[in-house]
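A short worksheet on the structure shown next.
What follows is calculated from the coordinates using simple rules that are stated; it is not laboratory data. From a predicted model like this one, the values you see are computed outputs, not experimental measurements. All Cβ positions, glycine included, derive from the backbone under ideal geometry; neighbour counts span all protein chains shown.
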Amino acid sequence: MELSNWDFYWAGDQEKDYWQKPDPAVLELIENHPAGQFPRVLDLGCGPGRHALAFARGGYRVTAVDASKMALVQVEERAREKRLKLETILGDFRTTLFAPETFDLVICYNVVYHGLREEMVRGINQCQQYLRPGGLLFLTCPTRDDGKYGDGEEVAPHTFRSGEKSVHPGDLHYFSDCQDLECFFAGLEIMSRKKKEHYWKQDGIVNFSSYWQLIAKKK
């Protein structure tokens, strides 16, 4: 099995406890949007599966997608350990993986900003296509107040090849503002938009995180 850089990351000694705990906002999403109303869920860019597994525990039919084989191996192992059912697919958020209107809810947690602005637009458009009318998209991405903004090499406006402040140096990151979000979600109804900020530690160094958290409905 040929390993990508993200495969090496997920196989390494990263903060595994952190990556096993679902974000409280995702748990709130599950509580407020039960499987009976939103049965088919796509976790696009699932990583080792903390959110995919949370949805599976809630009784949803979950499809977990990631570009890392190692991440999907971990999702499958944890699903077996917990006796949970889900489907895993190796794939990238920029490519078409499913037919239109396949899912009732798509979660895209810290994923689509990995690339140029036009790639982020393409990823959000893909999510919109995957949703049935009335379906929901939950998405997070960094603001321009984030501590990683300006770190590394600027390759395009507001786009940086990340430096040492990133958990995965060398990735491209696009940082959005309010005007971007209005453009990105033009085909969706934004139900909730929050700016979430906190401090976090990496190798003993305190960093500042600022990111958008959005819930949008397909019209």
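Mind telling me which of M120, M191, M70 comes out most flexible in a GNM of the chain, alpha-carbon contacts under 10 Å?
M191
Between their Cα atoms, which of K69/K196; K196/K218; K165/K217; K69/K219 are more than 25 Å away from each other?
K69/K196; K165/K217; K69/K219
Normalised by the number of residues in region 1-124, what is the relative contact order in percent for Cα pairs under 8 Å and 6+ residues apart?
The value is 26 percent.
On each of the three principal axes of the Cα atoms of region 60-219, give max minus min coordinate, whole Å, ordered largest first.
Its Cα atoms span 39, 39, 26 Å along the three principal axes.
Antiparallel DSSP bridges in the chain: what percent, to the nearest 5?
Antiparallel bridges: around 60 percent, rounded to the nearest 5.
Report, in debye and to the nearest 20, how large the dipole of the chain comes out about its Cα centre when Lys and Arg carry +1 and Asp and Glu carry -1 on their Cβ.
So the dipole magnitude of the chain works out to roughly 860 debye.
For the chain, calculate the relative contact order in percent as a whole number, restricting contacts to Cα pairs under 8 Å that are 6 or more residues apart.
Over the chain, the number comes to 16 percent.
Once fully extended, how much extra length lies between D145 and Q37, figured as 0.36 nm per residue of separation less the alpha-carbon to alpha-carbon distance?
Separation in residues times 0.36 nm, less the Cα-Cα distance, equals 35.3 nm.
For the chain, set up a Gaussian network in which alpha carbons nearer than 10 Å are linked by springs, and say which option among R80, R161, R61 fluctuates the most.
The residue that fluctuates most here is R80.
Take every Cα pair under 8 Å in region 102-205 that's 6+ residues apart, average their separations, divide by the length, and report that relative contact order as a whole percent.
26 percent
Roughly how many debye, to the nearest 20, is the charge dipole of region 21-107 about its Cα centre, given +1 on each Lys and Arg Cβ, -1 on each Asp and Glu Cβ, and no other charges?
Around 320 debye, computed over region 21-107.
If we count every other residue with Cβ under 11 angstrom of Q129's Cβ, Lys/Arg +1 and Asp/Glu -1, where does the sum land?
+2
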